[in-house]
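Peer 1: A single structure is presented below for examination.
The values are calculated or read from the model by the stated rules, or taken from the named source; none is laboratory data. The structure displayed is predicted, hence computed values, not measured ones. Cβ coordinates were reconstructed from backbone atoms using ideal geometry, including for glycine residues, and neighbour counts include every protein chain displayed. Note: areas computed on protein heavy atoms with side chains; ligands, DNA, RNA excluded. Shrake-Rupley method; radii C 1.70, N 1.55, O 1.52, S 1.80 Å.
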Amino acid sequence: MRPPRTKQCGVFITISIVCYTNTMKRRSAGFTLIEIAVVVTVIAILAALLIVGFVKVQQRARDDARDVQVQALNTALNHYYEENGEYPNVCPGGVNVDCDVSTLSATLVPKYIQAIPNPQPTSSPFKYIRGTAADSYGLYVRHESYWWNQCKSGRNMDQSTWWGGSGWVP
C-alpha cells in the first residue's frame with residue numbers, strides 16, 4: 001500500500017503559490033547552463049571595457065614620454081645654437097626638407113644630449129627640419145592616442161614651410 005500524498009506549499013517572490021507533493025522530484029542544487037552563460041558574458045564585457053581603458057592609458061603615457069623627449073631635444077638643439085650660432089643642417093635634402101632625428105646623432109651626441117630618443121613603439125619616427133634661416137628648426141612627433149594628435153615644436157619656423165603648412169603632416 002502506498003503512503004498517502006501530503007502537500008507542501010512554498011511562496012516565491014513572484015507572489016505565486018506553488019504546491020508540490022513529496023513524491024515529485026525536487027530540483028537539484030546547482031546552476032543551470034543559462035545562468036553560467038550569463039555570468040560569463042557579463043564578466044567578458046567588463047574585462048573588455050577594462051582592457052580598452054588600460055590600452056588608452058598606456059598610449060597617453062607613451063605620448064607623455066615623447067613630449068619629454070621632445071623637450072630634451074629642444075634643449076640640446078638650443079645649446080648647439082648658442083655655441084655655433086645656427087641649428088644643425090644635417091638632413092640630406094638640405095634646408096626645409098625633413099629627416100629622421102637620428103641624423104642629429106653625430107652632431108649632438110654626447111656633448112649636448114646623451115642619446116637621440118627612440119620613439120618606439122610608434123611607427124612614426126621623430127622628424128627634424130632646419131628652416132631656411134639658420135636660426136630656425138622644427139621637430140615633429142605624431143602621438144598615438146589619437147590619429148590627429150601631433151606635436152610640432154621648434155623655433156622661428158615659418159608656417160608656410162612647417163612641413164607643408166599648418167594642415168600638412170609628414
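Peer 1: Out of all the residues in region 41-57, which are over 23 Å from GLU144 (Cβ atoms) and open to solvent by 90 Å² or more (accessible area, probe 1.4 Å)?
Peer 2: Across region 41-57, the qualifying residues are ILE43, ILE45, LEU46.
Peer 1: Okay, moving on. Of the numbered conditions (1) without any contact (Cβ under 8 Å) to a residue 12 or more places away in the chain; (2) open to solvent by less than 80 Å² (accessible area, probe 1.4 Å), PRO88 satisfies every one except a single condition; which is it?
Peer 2: Condition not satisfied by PRO88: (1).
Peer 1: Six or more apart or on different chains, Cβ atoms under 7 Å: show the pairs whose first residue is in region 96-119 and touching a residue at least 60 places away in the same chain (Cβ under 8 Å) and whose second is open to solvent by 60 Å² or more (accessible area, probe 1.4 Å).
Peer 2: ASN96/THR132
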